[in-house]
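**Q** Pasting a structure here, questions to come.
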Amino acid sequence: MSSPVTPSDFRVPPVDQVALEARAAELASRSIKKDSKRQGLLMAVAMTDLTTLEGKDSPGKVRALCHKALHPQPDAPEVPHVAAVCVYPDLVAVAAETLRGSGVAVASVATGFPAGRTDLSLKLEETRRAVAAGAAEIDMVIDRGAFHAGQFGQVFDEIGQIKEACGEAHLKVILETGELRTFDAIRRACRIALLAGADFLKTSTGKVAPASTMPVVLLMLECARDYYLETGRVVGVKAAGGIRTAKDALRYLVLVNETCGDLWLTPERFRFGASTLLNDLLMQLRRLDTGTYQRPEDFSKD
Amino acid sequence: MTDAPKLASERAAQADPRTLRFGETWAYAAAPEGTDHFEIAERYGLFIDGAFADAAQGATLDTLNPASEERLSSVACGGEADVDRAVAAARRAQPAWAGLPAAERGRFLFRIARLLQERAREFACLETLDGGKPIREARDVDVPLAAAHFFYHAGWADKLELAFPGGRPQPLGVVGQVIPWNFPLLMAAWKIAPALACGNTVVLKPAETTPLTALRLAEVLVQAGLPAGVVNIVTGDGTTGAALVRHPGVDKVAFTGSTAVGKEIQRALAGSGKPLTLELGGKAAHIVLDDASIDQAVEGIVRGIFFNQGHVCCAGSRLLVQESVHDLLVEKLRRRVERIRVGNPMDKNTDMGAINSRAQLERIEALVASGTDQGAKLYQSSCALPDRGYWFRPTFFTEVSQSHRIAQEEIFGPVLSVLTFRTPDEAIEKANNTPYGLSAGVWTDKGSRILWLAARLRAGVVWNNTFNRFDPGSPFGGFRESGFGREGGRQGLRGYVQLDGELLGA
């Protein structure tokens, strides 16, 4: 930012909950058929951050997931690889080795994911190490405690420092909207993250309910759109957590298509953070070709 | 994935770094609602005394699909003899209908509501084909609300004593009802449901251009086993409606339509002592204050004026924006209007359909021309329009003054006039500076301001941080040239009962 950011920069216009939810519901009723459905499903595959974030994640599990990411449907060459594989920091090296040169990025959660309740110096160190191990994308969590305490400057500064620690890596800022609760708070958090240099606004860790919802993502898209019109900088949006069906994915894409438009309809600008979504996308694609549903067992689980 | 268009849009965006691009990457395939699940007859008769019959004179009217100008069907055009026969049938049926146990009347209304729900898809399709409104609205608004009105009034049928404590409510007798073409089924439900709940019988005259759903409703009434003559539906043109409202055998008249016709009816009934309710035109003020949630206000504005192609008596057709947020709001509105999907009303992704008739299209065109002539600044969506049918682009005017015709007259189309104000007092002054008073809207984040404004707006309905939301439990109706009487809610029942000690008619 050319001029220093002041607390008044964190003020945002109010959000009307009822009308926002009504607009999201209206867009959710779009009917996506035939070719546009196929195109939407393929886009959604290419926008997926295939994610595993569990205590029992092992090198073997991560390698298997990477192979799935590279070839979601080995017998269907038209199905693209996913955008990224998202893992915990200690498994970045494993994923990076498997994915090297493939075009599938390694994303790592960092900054004491998912709570973020750890010292800033540790968050910075964790970020640097994940990047050094090969993460091209860092998914950080904001300090929700500081946010609720009204310490917006602290939230802003922390994002800025993590961004610096990322170096060349892209920074996705997880707002954990399920802990912010109100749309007014979410809009303010978006504003702070945008001003602090986020490359992506991301809804959730997936560890808190509710995770991603249509109205929340609509609001984030509006924030990203307005910020672009204000500054010329395009910031992406990532809907993460709770998106399990192709139908939901298409609804999110409709939000993107009619709110932000073409510039965001690319894996560079819109992502799904999901683990089970991919197979439903593949199943729906297969159904478009064959007219029948196949058993879930016909698609590799990882 | 199509790479080429995306690259083209990115190149264009580089040339002008702050331009949003839409529709080059992902266009939706056509998603037309199917029409193989119902049939439209070649011709329809009048529904009198429980059966369909041709008009005495044999006259018919064609009804068109305004989106294609193709003929859908012919309906009988009722004359004085037909109206006479319908009123006589209603008169014969009335004592027995009013004499039923009230809960029995409620059961018929419940049955009608359920049948409407069961046949919702067919009604939605028919409404869209006959009237031009998008199937999404017919499906999500018109038909569910029509069913809701029957459900709601079914509940009142045996509780009228509670609605008028000590008033000993009695039916009025035979009611003549004339309804407009903008919400054909919904207006029929608004009229018929409370009349029947209160023990009246009905002669209903649907609009000339949109008779098909009322006639389909007649089929539902038969299916529900409603006794013959309780509801009679006489299709036709303006002369049919005039014959009905002037008929000496009618005990009460309810009319929804234009202010000019409403005044004629009131003159015709003057001195007769017959109760009359009128729901007429409007020129609603939609007020946006500087602290409003602007993105959602824009959604409300769009819903307020482009819902049903603006063929809505309570449409938010005058936008009053606080000057300090005018430029931002107009910019956002311009972008949003550009996103409205105009086209085949039967496509499930269409947001705005066809203008109802050629005559209405010409009225809209004339008023928009006057706006340009009087110096207002025109903005229209660049959307493509179909070759056939009656179409008008989503339109708004800025730099509109109170004295412009487009700020004063009801356009009844997808045309918004944007005016500004500086203080809340000025907003009230401008909002009330109209002969109409049907509805108004207020967008502000501040509760105290909502209450302050709502108390001063001369309008029957004031929507806060929303617009064009309807519920059978909420009374709807106007002030001044927007009419009198209420529809819906407990207040709506008042137009269909006489209370102890009242001497009406004879």
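**Q** Residue by residue through region B:356-388, note down the ones that are hydrophobic (A, V, I, L, M, F, W, C) and touching a Ser or Thr at 6+ places or on another chain (Cβ under 8 Å). Working first, answer last.
**A** Start the filter on region B:356-388 by keeping residues that are hydrophobic (A, V, I, L, M, F, W, C), which leaves B:359, B:361, B:364, B:366-369, B:376, B:378, B:383-385.
Residues satisfying the conditions are B:V368, B:A376, B:L378.
**Q** Mind telling me which of the residues A:D199, A:D184, A:D226 ends up being under 27 Å from A:T52 (Cα atoms) and of a type in the set (D, E, K, R)? Talk me through it step by step, then tell me what you get.
**A** Working: A:D184 fails: under 27 Å from A:T52 (Cα atoms); A:D226 fails: under 27 Å from A:T52 (Cα atoms).
The unique qualifying residue is A:D199.
**Q** If you go through region B:226-235 one residue at a time, do you hit one that is at pLDDT 95 or above, part of a strand (DSSP E or B) and either over 25 Å from B:L172 (Cα atoms) or within 20 Å of the chain's Cα centre (by Cα) (or both)?
**A** yes
**Q** Ok, one more. What is the residue count in region B:30-57 for residues that are assigned to a loop (DSSP other than H, G, I, E, B), more than 14 Å from chain A (Cβ to nearest Cβ) and touching a residue at least 12 places away in the same chain (Cβ under 8 Å)? Before you say what the answer is, go through the steps one by one.
**A** First pass over region B:30-57, keeping only residues assigned to a loop (DSSP other than H, G, I, E, B): B:30-31, B:33-42, B:45, B:49-50, B:54-57.
This time we only want the ones that are more than 14 Å from chain A (Cβ to nearest Cβ), so: B:35-42, B:45, B:49-50, B:54-57.
Filter again for touching a residue at least 12 places away in the same chain (Cβ under 8 Å), leaving B:35, B:37-38, B:40-42, B:45, B:49-50, B:54-57.
Of the residues in region B:30-57, 13 are assigned to a loop (DSSP other than H, G, I, E, B), more than 14 Å from chain A (Cβ to nearest Cβ) and touching a residue at least 12 places away in the same chain (Cβ under 8 Å).
**Q** Looking only at region A:20-66, count how many residues are away from chain B (no Cβ under 14 Å) and free of Cβ contacts under 8 Å to residues at least 40 places away in the same chain.
**A** Total satisfying the criteria: 10.
**Q** Moving on to the next point. Please list, ordered by first then second residue, the pairs with beta carbon atoms under 7 Å, 6 or more apart or interchain, first in region B:270-298 and within 14 Å of chain A (Cβ to nearest Cβ), second of a type in the set (K, R) and not in a helix (DSSP H, G or I).
**A** Filtered contacts from region B:270-298: B:H286/B:R318; B:D291/B:K446.
**Q** Taking the condition within 13 Å of chain B (Cβ to nearest Cβ) and either part of a loop (DSSP other than H, G, I, E, B) or surrounded by 23 or more Cβ atoms within 10 Å (Cβ to Cβ) (or both), does A:V85 pass?
**A** no
**Q** Please verify whether region B:141-161 includes one or more residues that are surrounded by fewer than 23 Cβ atoms within 10 Å (Cβ to Cβ), within 14 Å of another protein chain (Cβ to nearest Cβ), part of a helix (DSSP H, G or I) and out of contact with any Pro (no Cβ under 6 Å at 6 or more places or on another chain).
**A** Taking every residue of region B:141-161 in turn, at least one turns out to be surrounded by fewer than 23 Cβ atoms within 10 Å (Cβ to Cβ), within 14 Å of another protein chain (Cβ to nearest Cβ), part of a helix (DSSP H, G or I) and out of contact with any Pro (no Cβ under 6 Å at 6 or more places or on another chain).
**Q** Report, by residue number, each residue of region B:236-273 that is among the hydroxyl-bearing types (S, T, Y) and within 12 Å of B:E80 (Cα to Cα). If you could, list the steps in order and put the result at the bottom.
**A** Restricting attention to region B:236-273, the residues satisfying the condition of being among the hydroxyl-bearing types (S, T, Y) are B:239-240, B:256, B:258-259, B:272.
B:T239, B:T240, listed by residue number.
**Q** Name the pairs whose Cβ atoms lie under 7 Å apart, with the first residue in region A:129-147 and free of Cβ contacts under 8 Å to residues at least 24 places away in the same chain and on the phi < 0 side of the Ramachandran plot, the second surrounded by fewer than 18 Cβ atoms within 10 Å (Cβ to Cβ) and in a helix (DSSP H, G or I), and 6 or more positions between them or separate chains?
**A** Every condition considered, the pairs that remain are A:A146/A:Q154.
**Q** Out of all the residues in region A:246-264, is one or more in a loop (DSSP other than H, G, I, E, B), closer than 14 Å to A:L41 by Cα, modelled with pLDDT of 95 or more and within 12 Å of chain B (Cβ to nearest Cβ)? Spell out how you get there, then give the answer.
**A** Filtering region A:246-264 for residues in a loop (DSSP other than H, G, I, E, B) gives A:260-261.
If we keep only those that are closer than 14 Å to A:L41 by Cα too, we end up with none.
No, the conditions are met nowhere in region A:246-264.
**Q** Going by the conditions given, is B:L328 closer than 30 Å to B:L64 by Cα, without any contact (Cβ under 8 Å) to a residue 60 or more places away in the chain, among the hydrophobic types (A, V, I, L, M, F, W, C) and out of contact with any strand residue (DSSP E or B) (no Cβ under 9 Å at 6 or more places or on another chain)? Full working, then the answer.
**A** On the way: closer than 30 Å to B:L64 by Cα: no; without any contact (Cβ under 8 Å) to a residue 60 or more places away in the chain: yes; among the hydrophobic types (A, V, I, L, M, F, W, C): yes; out of contact with any strand residue (DSSP E or B) (no Cβ under 9 Å at 6 or more places or on another chain): yes.
For B:L328, the condition - closer than 30 Å to B:L64 by Cα, without any contact (Cβ under 8 Å) to a residue 60 or more places away in the chain, among the hydrophobic types (A, V, I, L, M, F, W, C) and out of contact with any strand residue (DSSP E or B) (no Cβ under 9 Å at 6 or more places or on another chain) - is not met.
**Q** Also: Considering every residue within region B:13-26, establish whether at least one is assigned to a loop (DSSP other than H, G, I, E, B), under 29 Å from B:E122 (Cα atoms), facing chain A (nearest Cβ under 10 Å) and at pLDDT 95 or above.
**A** To start, the set of residues in region B:13-26 that are assigned to a loop (DSSP other than H, G, I, E, B) comprises B:16-26.
Filter again for under 29 Å from B:E122 (Cα atoms), leaving none.
Scanning region B:13-26 turns up no residue that is assigned to a loop (DSSP other than H, G, I, E, B), under 29 Å from B:E122 (Cα atoms), facing chain A (nearest Cβ under 10 Å) and at pLDDT 95 or above.
**Q** Would you check which residues across region B:211-255 are more than 12 Å from B:G45 (Cα to Cα) and β-branched (V, I, T) and list them?
**A** Residues satisfying the conditions are B:T213, B:V220, B:V222, B:V230, B:V231, B:T239, B:T240, B:V245, B:V250, B:V253.
**Q** Name the residue that is nearest to B:S403 (Cα to Cα), counting only residues in region B:417-452 that are among the aliphatic types (A, V, I, L, M) and surrounded by 22 or more Cβ atoms within 10 Å (Cβ to Cβ).
**A** Quick first cut of region B:417-452, residues among the aliphatic types (A, V, I, L, M) only: B:418-419, B:427-428, B:431, B:438, B:440, B:442, B:450-451.
Add one more test, that the residue is surrounded by 22 or more Cβ atoms within 10 Å (Cβ to Cβ), and what stays is B:418-419, B:427, B:431, B:438, B:440, B:442.
Working: B:V418: 13, B:L419: 11, B:A427: 16, B:A431: 13, B:L438: 20, B:A440: 19, B:V442: 22 Å.
My answer is B:L419.
The values are calculated or read from the model by the stated rules, or taken from the named source; none is laboratory data. Please read these numbers as outputs of a predicted model, since none were measured by experiment. Positions of Cβ are backbone-derived with ideal geometry, glycine not excepted, and every protein chain shown enters the neighbour counts.
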